Amino acid sequence: MAGISGAVAVGAGALGAHALNGLPQQEMALFNTAQQGHMIHSLALLGAGLLVRQYENSANRRALLAARVAAALFAGGILLFSGGLYLKALSTIQILDPLIPLGGWSFILGWLAVAASAIRQPNA
């Protein structure tokens with residue numbers, strides 16, 4: 001999932017750099033914010049997946065659960081935050097606008113879940 005998300009983020013970056021030159025400045029800024037958050041959190045999703053793998057062989061089920069929650073939150077944040085901003089930048093469709101802040105919160109909670117997984121796994 002992280003690999004596919006990262007590939008889509010790179011593609012979006014290329015689209016923004018080469019094909020969207022005519023986009024108004026405000027929409028281009030939204031698109032760039034979406035792409036940046038998408039790429040950063042694709043890497044975070046990869047990291048969370050690696051934590052899940054590490055903790056699967058551990059007796060600490062709480063650390064495993066926190067890592068899984070982090071991965072889910074990062075994936076949800078990419079869809080809601082970045083997806084919502086991409087849609088807002090490239091169309092007049094506003095159906096996801098109210099969900100964009102929830103995507104941001106999902107990113108924040110995902111990072112807190114990463115911290116919780118480390119706290120719950122003292123030997124990490």
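If the condition is being modelled with pLDDT of 95 or more and over 14 Å from Ala71 (Cα atoms), then segment 33-58 contributes Thr33, Ala34, Gln35, Gln36, Gly37, Met39.
Could you tell me whether segment 25-43 includes any residue that is surrounded by 15 or more Cβ atoms within 10 Å (Cβ to Cβ), touching a Pro at 6+ places or on another chain (Cβ under 9 Å) and not basic (Lys, Arg)? Scanning segment 25-43 turns up no residue that is surrounded by 15 or more Cβ atoms within 10 Å (Cβ to Cβ), touching a Pro at 6+ places or on another chain (Cβ under 9 Å) and not basic (Lys, Arg). For segment 48-64, the tally of residues that are surrounded by fewer than 17 Cβ atoms within 10 Å (Cβ to Cβ) and touching a residue at least 60 places away in the same chain (Cβ under 8 Å) stands at 3.
Return the residues of segment 84-115 that are within 11 Å of the chain's Cα centre (by Cα) and of a type in the set (Val, Ile, Thr); say none if nothing qualifies. If the condition is that a residue be within 11 Å of the chain's Cα centre (by Cα) and of a type in the set (Val, Ile, Thr), then Ile108 is the only one that fits.
Residues in segment 80-100 that are touching a helix residue (DSSP H, G or I) at 6+ places or on another chain (Cβ under 8 Å), of a type outside the set (Lys, Arg) and in a helix (DSSP H, G or I): Leu80, Phe81, Ser82, Gly83, Gly84, Leu85, Tyr86, Ala89, Leu90, Asp97, Leu99, Ile100.
Restricting attention to segment 105-116, the residues being closer than 16 Å to Leu45 by Cβ and touching a helix residue (DSSP H, G or I) at 6+ places or on another chain (Cβ under 7 Å) number 6.
Determine which member of the set Ala75, Ala67, Ala34 is closer than 12 Å to Val114 by Cβ, touching a helix residue (DSSP H, G or I) at 6+ places or on another chain (Cβ under 9 Å) and small (Gly, Ala, Ser). Please lay out each step first, then the result.
Values: Ala75 fails: closer than 12 Å to Val114 by Cβ; Ala34 fails: closer than 12 Å to Val114 by Cβ.
Residue meeting the stated conditions: Ala67.
The values are calculated or read from the model by the stated rules, or taken from the named source; none is laboratory data. Being a predicted model, the structure only gives us computed values, none of them experimental. We place every Cβ from the backbone using ideal geometry, glycine too, and count neighbours over all the protein chains shown.
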